[in-house]
1. Among the numbered conditions (1) at positive phi; (2) part of a helix (DSSP H, G or I), tell me where His133 comes up short.
2. In region 143-161, what count of residues is obtained for those that are closer than 12 Å to Tyr7 by Cα and part of a loop (DSSP other than H, G, I, E, B)?
3. Given the conditions (1) more than 17 Å from the chain's Cα centre (by Cα); (2) surrounded by 14 or more Cβ atoms within 10 Å (Cβ to Cβ); (3) modelled with pLDDT of 95 or more, which single one is not true for Ser69?
4. Kindly provide the set of residues from region 218-231 that are within 18 Å of the chain's Cα centre (by Cα), free of Cβ contacts under 8 Å to residues at least 60 places away in the same chain and under 23 Å from Ser166 (Cα atoms), ordered by number.
5. Kindly provide the set of residues from region 16-55 that are open to solvent by less than 10 Å² (accessible area, probe 1.4 Å) and of a type in the set (Gly, Ala, Ser), ordered by number.
6. So which pairs qualify, if the first residue must be in region 26-47 and in a loop (DSSP other than H, G, I, E, B), the second must be among the β-branched types (Val, Ile, Thr) and open to solvent by less than 90 Å² (accessible area, probe 1.4 Å), the Cβ gap must be under 8 Å, and the two must be at least 6 apart or on different chains?
7. If you take the residues in region 201-228 that are at pLDDT below 70 and of a type in the set (Asp, Glu), which one is least open to solvent (accessible area, probe 1.4 Å)?
Amino acid sequence: IKEDGTYLITGGLGGLGLLIAEWLIKQGAKNLVLLSRRQPDTETKQRIKTLENSSARVIVAQVDVTNKSQLAQLISNIQSATPSTPSSPSTPSASPAPPAPPAPIRGIIHAAGILDDGVLQNMSWEQFTNVVHPKVLGAWNLHDLTQDCPLDFFVLFSSATALLGSPGQGNHVAANVFLDALAHYRQSIGKPGLSINWGIWSDIGSAAKRQADKEMQLKGIKAIAPQDGVDLFAKLL
């Protein structure tokens, strides 16, 4: 983790994104860009404020990773040290960011994703793409637009469902299989690529919000405690 590098996290305002952001700062990161389609709520703003109090520069960019032109503009702005949201320059940061020299993107963590379950034969195309596009298009856009960035890591947050399957989650499974394949492809062309097939985290993440972690524990499958997950992430990285 380099002080003069920028680390970009998609799904950056979610529980997992903020947890990884905190870890990066503890490792010495000074420039973070958190991508999300939504604005931070009060609790999230407070967590971002705490991150900034650690002398880190934290930019919140309201960007949809499936929109390639928006993402391209953001990446260009980061490389020129002005990471602003293309559609709304007045809303990229939770607080005014101090001037800084360009900090090239050195690491990407693609943690964006949503769930919209349903039996496949009853699933609408919109229901399918709502889940697939953020992971698939988002990952491919990040891959395509950072070809010239000096990346040390490119991490994709996949799921164990890509290996084991999951009833009612055909869209989720398909999206994560793509992430795994992209990591293999990047490695085959000499670029960093790591896809992590996470199980369910406890307390944070979309599955925990739906109390799926508790359902899995009733089946004898233990959820990943946040600190354990961070430790695993560090080892895998």
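The values are calculated or read from the model by the stated rules, or taken from the named source; none is laboratory data. Source: prediction; values computed, not measured. For neighbour counting, all protein chains shown are included, and Cβ atoms are generated from backbone atoms with ideal geometry for every residue, glycine included. We work out accessible area using only protein heavy atoms, side chains counted, and drop any ligands, DNA or RNA first. Shrake-Rupley method; radii C 1.70, N 1.55, O 1.52, S 1.80 Å.
1. Every condition holds for His133 apart from (1).
2. 4
3. Among (1) more than 17 Å from the chain's Cα centre (by Cα); (2) surrounded by 14 or more Cβ atoms within 10 Å (Cβ to Cβ); (3) modelled with pLDDT of 95 or more, Ser69 violates only (2).
4. Across region 218-231, the qualifying residue is only Ile224.
5. Within region 16-55, Gly17, Ala21, Ala29 meet the criteria.
6. Within 8 Å, the pairs are Gln27/Ile1; Gly28/Ile1; Ala29/Ile1; Arg37/Val63; Gln39/Thr91; Pro40/Ile48; Pro40/Val60.
7. Top of the filtered list is Asp213.
One line per residue, one yes/no per condition, for (1) within 27 Å of Ser69 (Cβ to Cβ); (2) surrounded by 20 or more Cβ atoms within 10 Å (Cβ to Cβ); (3) modelled with pLDDT under 95:
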{"residue": "Lys135", "(1), (2), (3)": "yes, yes, no"}
{"residue": "Asn141", "(1), (2), (3)": "yes, yes, no"}
{"residue": "Pro150", "(1), (2), (3)": "yes, no, yes"}
{"residue": "Val155", "(1), (2), (3)": "yes, yes, no"}
{"residue": "Leu163", "(1), (2), (3)": "no, no, yes"}
{"residue": "Asn176", "(1), (2), (3)": "yes, yes, no"}
{"residue": "Gly190", "(1), (2), (3)": "no, no, no"}
{"residue": "Ile196", "(1), (2), (3)": "no, yes, no"}
{"residue": "Gly199", "(1), (2), (3)": "no, no, yes"}
